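Visitor: Supplied in structure tokens, the structure appears directly below.
The values are calculated or read from the model by the stated rules, or taken from the named source; none is laboratory data. Fair warning: this is a prediction, and the values are worked out from it, not measured in the lab. Don't worry about glycine lacking a Cβ; one is built from the backbone with ideal geometry, like all the others, and counts go over all protein chains shown.
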Amino acid sequence: MTLDAFTDSLAADAPPQGCSVLLTALWHDRRGDWVTAHRVAQDVEDTEGAWVHAYLHRKEGDASNAAYWYRRARRPVATGPLDDEWTEIVKALVQS
């Protein structure tokens with residue numbers, strides 16, 4: 001899958017078949033369903049899962065919780081636009 005294909009899938013009623021759990025979380029987030037995105041992402045316990053979890057808490061406005069998850073992801077706390085971070089995460093995940 002590519003970033004463009006994933007982005008195009010946002011017009012569909014469901015995430016793309018065979019997409020990873022974390023991409024599914026980001027799909028729900030981009031479609032405005034933060035609760036489902038968080039529920040899906042919180043069960044992934046690797047560094048990529050921590051990164052998505054951090055992004056979601058930053059988007060929620062919970063800076064201290066986000067900082068905790070950025071540490072677990074071994075990443076600096078993001079400060080740029082949320083849309084840019086979403087794209088960066090999706091790019092990293094579609095390449096995995």
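Visitor: Just one of (1) at pLDDT below 95; (2) on the phi > 0 side of the Ramachandran plot trips up Gln95, so point out which.
Guide: Every condition holds for Gln95 apart from (2).
Visitor: Return yes when Thr87 is within 12 Å of the chain's Cα centre (by Cα) and of a type in the set (S, T, N, Q) and no when it is not. Give the steps one after another, and end with the answer.
Guide: Numbers: within 12 Å of the chain's Cα centre (by Cα): yes; of a type in the set (S, T, N, Q): yes.
Yes.
Visitor: Please verify whether the range 52-63 includes one or more residues that are of a type in the set (D, E, K, R), modelled with pLDDT of 95 or more, under 17 Å from Leu10 (Cβ atoms) and surrounded by fewer than 16 Cβ atoms within 10 Å (Cβ to Cβ).
Guide: There is no residue in the range 52-63 that is of a type in the set (D, E, K, R), modelled with pLDDT of 95 or more, under 17 Å from Leu10 (Cβ atoms) and surrounded by fewer than 16 Cβ atoms within 10 Å (Cβ to Cβ).
Visitor: Which ranges mark the helices (runs of 4 or more DSSP H) fully within the chain that have 2 or more residues being charged (D, E, K, R)?
Guide: Qualifying helices (runs of 4 or more DSSP H): 3-8, 21-30, 47-60, 63-73, 82-95.
Visitor: Filter the range 21-43 down to the residues that are surrounded by 15 or more Cβ atoms within 10 Å (Cβ to Cβ) and over 11 Å from the mean Cα position of the chain (by Cα), then identify the one that is nearest to Glu88 (Cα to Cα).
Guide: It comes out as Arg31.
Visitor: So, one more: Would you mind stating whether Arg74 is at positive phi and among the charged types (D, E, K, R)?
Guide: yes
Visitor: Does any residue in the range 19-38 that is at negative phi and acidic (Asp, Glu) come within less than 7 Å, Cβ to Cβ, of a residue that is at pLDDT 95 or above and part of a helix (DSSP H, G or I) six or more places away or on a different chain, and which pairs are these?
Guide: Asp29/Ala37; Asp29/Leu56
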